[in-house]
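J.: I'd like to ask some things about the structure below.
The values are calculated or read from the model by the stated rules, or taken from the named source; none is laboratory data. Please read these numbers as outputs of a predicted model, since none were measured by experiment. Every residue, glycine as well, gets a Cβ built from its backbone with ideal geometry; the counts of neighbours run over all protein chains shown. Just the protein is used for accessible areas: all its heavy atoms, side chains included, with ligands, DNA and RNA removed. Shrake-Rupley method; radii C 1.70, N 1.55, O 1.52, S 1.80 Å.
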Amino acid sequence: MGKWMNKTIKPSVGTESEDHIPVEDLARLAEGGVDTAERRHLIGHLNRCQRCYQILQETLKDVSAETTLQPGSAPWWRTRMFYALAASILLVLLIGGPLAIKQWTHRPRVILASLDLDQGLKDILLENNALKWEKKERVSRLLTALQRRGLAVKDLNLVLLAKPYYQKKSLFGPEEVLHIRIDDKVAYLEVKEKD
Amino acid sequence: MMDPEKILSSSDLLAKIEAVCKRRFSAENDQNECYLYVIDSLKADNFKRLRAFRGKSKLNTFLYALINSLVIDFRRKQFGRRRIPAGVAKLGKWAEAVYRFVCWQKFSFDDAYDFLRIDGLYSGSYIEFIKEIESIKKAPCRENPAFQSIDETPESAFKNINPEGANPLEFLIQKIDRENRINAIKVIRETTVAFSEDDQLLVRLVYGSDLSVAAAARVIGLPAATAGKRLKNLLTKYREKLLAVGIREP
């Protein structure tokens, strides 16, 4: 974490206070499992108590780190699913070879574009860190955004992001470009800084 | 109801404790002591702390929160009795603060000067400061490289600062010169405390602790996209306040 911001905006009261949030309530808050009135009370305390704030932030980091290390998020080539999928694809290719070749020769054209990364596009990119967008609503939002910016794209099935996008230096204006390649209803996105 | 003895002997919990202690302490000896302290504390009073679990959250999250609270206790017990050397204390509050920043929290003397200015503990020039800290530099801590931080945030947590990263406020503060930095931090503090409680916590979690917007949004009780938009608005407010005092990105 950044030392300046951490020091600048940390909660006002040190760890000496004796009045603290019970651990399980902090855990519930980390999971988003509290009602509005209770949340208001807990947040009011967290903005003033360094100890409780620290437990919460560390817990959020630990849970998040563990989630990314779980087997479900193991490299794709180490999963059983991958081998099953590979076998299925092989079978499909063997059985439907001629059809596949025909389809291959009629591939839709590839669209290449670079757009200034405005706030509308940033909002879509910042929704979460997923590199593979599987939510139809998000893909559809991107499709609409691209169409509004003049891209002649009719449909998108999948969006793949080269790397997670984090907002950069945005305080004094965007200086980034979104590079887009759309091939067979799959959009490949990469954000680069303007030269 | 869970069996606390079984939970405590599970490799999963032991691995969690080990991981948290390793992350919070750089010295192997402290990591080991932390590990033992947490286990002893969990066993204490017939597993009272584990028995306090009511099943209102996931066990996993509860265990992490519990371990983290015990690690904070351990840090305070382990290092809390350290005293600021008398030679430093007699120089005043500002010198004690310098000692804490540099010896305990492993900041540089330059950083300490900025922090003192921000906190209103020192009003002299940098040149005067450099002269006045000579006696602090002679205090025992400086000669003891194994001296440990008792600050709640370990120094190792600050090592992954990514200047090109996701924190535009941190990035701005790093880029500007000292006088502007001190002013900028004051403006950011004043602006933050004027936000609503929800927005204050959102900013603290995302820009103070570098947590993801999604995680912070869950705490605040908002969808991630809404929290992202709210952060954008808050950044605009910071920007307006900073521009109003003549601070902009160099």
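J.: List the pairs from A:Lys135/B:Lys22; A:Lys122/B:Lys241; A:Lys3/B:Lys232; B:Lys16/B:Lys232 whose alpha-carbon separation is above 25 Å, in the order I gave them.
T.: Beyond 25 Å between Cα atoms: A:Lys135/B:Lys22; B:Lys16/B:Lys232.
J.: Just to make sure I understand: if all protein chains stay in place, what is the order of B:Lys186, A:Lys122, B:Lys6 by accessible area at 1.4 Å, largest first?
T.: My answer, sorted largest first, is B:Lys6, B:Lys186, A:Lys122.
J.: Whole angstrom only: what separates the Cα centroid of region B:178-192 from the Cα centroid of region B:208-233?
T.: So the separation of the two Cα centres works out to 23 Å.
J.: How many Å² of accessible surface get buried when A and B come together, counting both sides, probe radius 1.4 Å, rounded to the nearest 100?
T.: 6200
J.: Now for a different question. So if each residue of separation counts as 0.36 nm, and I subtract the Cα-Cα distance between B:Ala194 and B:Met2, what length gain in nm does that give?
T.: That pair, B:Ala194 and B:Met2, stretches by 64.7 nm at full extension.
J.: Give me the one-decimal nm value for the distance between modelled label points at A:Met81 and A:Arg148, 7 Å along each residue's Cα-to-Cβ direction.
T.: 3.2
J.: Just subtract the alpha-carbon distance of B:Thr226 and B:Lys137 from 0.36 nm times their residue separation and send over the number in nm, one decimal.
T.: Going from the current span to full extension adds 27.2 nm.
J.: Count neighbours as other Cβ atoms within 10 Å of each site's Cβ, and list the trypsin sites (Lys or Arg not before Pro) in region B:24-117 that are DSSP loop with at most 12 such neighbours.
T.: Those that pass, being in a loop and sparsely packed, are B:Arg54, B:Arg81, B:Arg83, B:Lys90.
J.: To continue, here is another question. Take every Cα pair under 8 Å in chain B that's 6+ residues apart, average their separations, divide by the length, and report that relative contact order as a whole percent.
T.: Relative CO of chain B lands at 14 percent.
J.: Given a 1.4 angstrom probe, I'd like the percentage of the accessible area of chain B that is carbon and sulfur, rounded to a whole number.
T.: That share works out to 49 percent.
J.: Along each of the three principal axes of the Cα atoms of chain B, give the extent in whole Å, ordering the values from largest to smallest.
T.: 60, 51, 27
J.: Okay, next question. Rank these by accessible area, largest first, 1.4 Å probe: A:Lys7, B:Lys16.
T.: A:Lys7, B:Lys16
J.: At a threshold of 8 angstrom on Cα-Cα distance, excluding pairs fewer than six apart, so keeping six or more, what relative contact order does region B:2-88 reach in percent?
T.: Relative contact order for region B:2-88 comes out at 29 percent.
J.: When you look at the Cβ of every residue in A:38-44, what mean number of other chain Cβ atoms sits within 10 Å?
T.: That average works out to 4.
J.: Evaluate peptide B:200-207: per residue, the Cβ atoms of other protein chains within 10 Å of its Cβ; return the mean as an integer.
T.: 5
J.: Rounded to the nearest 500, what is the protein assembly as shown's calculated 222 nm mean residue ellipticity when only DSSP H runs of at least 4 contribute -39500 (n - 2.57) each, over all residues?
T.: -17000 deg cm²/dmol
J.: Using the per-residue mean of other Cβ atoms lying within 10 Å as a proxy for protection, in what order, highest first, do the peptides A:55-66, A:30-41 fall?
T.: Listed from highest to lowest mean packing, they are A:55-66, A:30-41.
J.: Which value, in Å², gives the accessible area per residue of the protein assembly as shown when a 1.4 Å probe is used on the protein heavy atoms?
T.: 52
J.: Over the Cα atoms of the protein assembly as shown, Rg to Rh with Kirkwood Rh, two decimal places?
T.: A ratio of 1.03.
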